[in-house]
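Colleague: So that we are looking at the same thing, I have put the structure below in structure tokens.
Each reported figure results from applying straightforward, stated rules to the coordinates on display, with no laboratory input. Computed from a predicted structure; not experimentally measured. Cβ coordinates were reconstructed from backbone atoms using ideal geometry, including for glycine residues, and neighbour counts include every protein chain displayed.
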Amino acid sequence: MTSPQPSALVTGATSGIGRATAYQLVSDGWQVFAASRRTENLDSLNQECEELPGKLIPVATDVTDEASIDALYDTVDAQGGIDTLLNIAGGAMGSEPIADTDIADWEWMIETNVLGSLRVIQKFLPMLRKHGAGTILNLTSTAGIVAYEGGAGYNAAKFGQHALTGALRLEEAEHNIRVIEVLPGLVKTEEFALKRMRGDEAKAADVYAGVSKPLTAEDVADVCAYAVNLPHHINLDQIVMRPVKQAAQHKLIRDA
Ligand SMILES: NC(=O)c1ccc[n+]([C@@H]2O[C@H](COP(=O)([O-])OP(=O)(O)OC[C@H]3O[C@@H](n4cnc5c(N)ncnc54)[C@H](OP(=O)(O)O)[C@@H]3O)[C@@H](O)[C@H]2O)c1
């Protein structure tokens, strides 16, 4: 007997790590509901996935909006449901020290990274419990375990998402839901630093300046796909992944 096609919901699927992860899972034969706000990006991803073994279903979604998540749930439910949820939507805003930081940036980061994940998890938990062998993967960050100068707001959001992930693993084990946390260090994606630096291209480029091989979106996608493709009884609790040139948060070798 062949096993049924695995089915995942990937948030943050319009760019960077989420997009690469959705693409990787469709390459691996999964059905993937790709969720985030920008419909044109979802459409182009859909086109790229057309010849792959799996199937992509784009669903424009805002993780800060409950009505939008309700609509996402209805679409997923009507098309067979999911066994795996990957919360990848998120990001950073600003890099000022606490003395100068803008509370609105913190609100955006907590709203998107922490409460966005929480909303989606709460909505889909009953479906995953009912499935009987569900998986939740939360994409946090090394910023969720080590604070750094200029990182306080992002640290607060990612520490929050990290805590949510730890508690969720304890609470849901009895429902046979495995909870995976992937914590990348420096990943060079097209938009992450540019958004954080409010569109300042020079400042965004400085983040990666001289680092010969930062991680790529595809590197992180490989690891996410590996973790969710493992037999379900294997839970990779926490996967910290960094480029070799970033031995720690404070030790980044810029030699290129
Ligand atoms: N790049 C790094 O160095 C790095 C390192 C560690 C962890 N991370 C984490 O990895 C994740 C992806 O980062 P990335 O580098 O791939 O950045 P990115 O390209 O900016 O991707 C962010 C994604 O989040 C989505 N998103 C933002 N707000 C949303 C909302 N309200 N509703 C739905 N989707 C929303 C965006 O889509 P829309 O704007 O279309 O909605 C986009 O798809 C983030 O959680 C980030 O914190 C990144």
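Colleague: What list do you get for Lys158, Lys123, Lys213, Lys251 if you sort them by fewest beta carbons within 10 Å? Please report the intermediate quantities before stating the final value.
Modeller: Working: Lys158 26, Lys123 17, Lys213 13, Lys251 9.
Ordered from fewest to most neighbouring Cβ atoms within 10 Å, Lys158, Lys123, Lys213, Lys251 come out as Lys251, Lys213, Lys123, Lys158.
Colleague: Can you compute the equivalent ellipsoid semi-axes for region 28-142, i.e. the square root of 5 times each eigenvalue of the Cα gyration tensor, sorted largest first and rounded to whole Å? Write down the numbers at each step before the final one.
Modeller: Values: eigenvalues 156, 61, 35 Å².
For region 28-142, the ellipsoid semi-axes come out as 28, 18, 13 Å.
Colleague: Using only alpha carbons, build the gyration tensor for region 124-214 and give me the equivalent ellipsoid semi-axes, biggest first, whole Å.
Modeller: Working: eigenvalues 214, 37, 25 Å².
Working from the Cα gyration tensor, I get semi-axes of 33, 14, 11 Å.
Colleague: Provide Rg and Dmax in Å for the chain, with only Cα atoms included in the calculation.
Modeller: In Å, with Rg to one decimal and Dmax whole: 17.6, 61.
Colleague: Give me, ordered by chain and number, the residues 5 or more places off Met241 or on other chains with an amide H under 5 Å from its own placed amide H.
Modeller: Here the answer is Leu183, Gly185, since their amide H atoms fall under 5 Å of that of Met241.
Colleague: Return the lysines within reach of Lys188: Cα separation strictly under 30 angstrom, same-chain partners fewer than 8 residues apart disregarded; answer none if there are no such residues.
Modeller: Lys55, Lys158, Lys203, Lys213, Lys245, Lys251
Colleague: Taking only DSSP H segments of four or more residues, each worth -39500 (n - 2.57), what value at 222 nm results for the chain once the sum is divided by all its residues, to the nearest 500 deg cm²/dmol?
Modeller: Values: 9 runs with 106 residues, N = 256.
Estimated from H runs of four or more residues: -13000 deg cm²/dmol.
Colleague: Give me a comma-separated list of calculated 3J(HN,Hα) values for region 105-114, in order, Karplus coefficients 6.51, -1.76, 1.60 applied at θ = phi - 60°, integers in Hz, x for any Gly or Pro.
Modeller: Using θ = phi - 60°, the values come out as 5, 4, 4, 4, 5, 6, 4, 7, 6, 8 Hz.
Colleague: For region 24-82, what does the equivalent ellipsoid look like in terms of its semi-axes, each the square root of 5 times an eigenvalue of the Cα gyration tensor, given largest first in whole Å? If you can, show how the numbers build up before the last one.
Modeller: On the way: eigenvalues 84, 39, 11 Å².
Taking √(5λ) for each eigenvalue gives 20, 14, 8 Å, largest first.
Colleague: Arrange Ile239, Ile136 by Cβ neighbour counts within 10 Å, fewest through most, would you?
Modeller: Working: Ile239 16, Ile136 25.
Sorted ascending by nearby Cβ count, the order is Ile239, Ile136.
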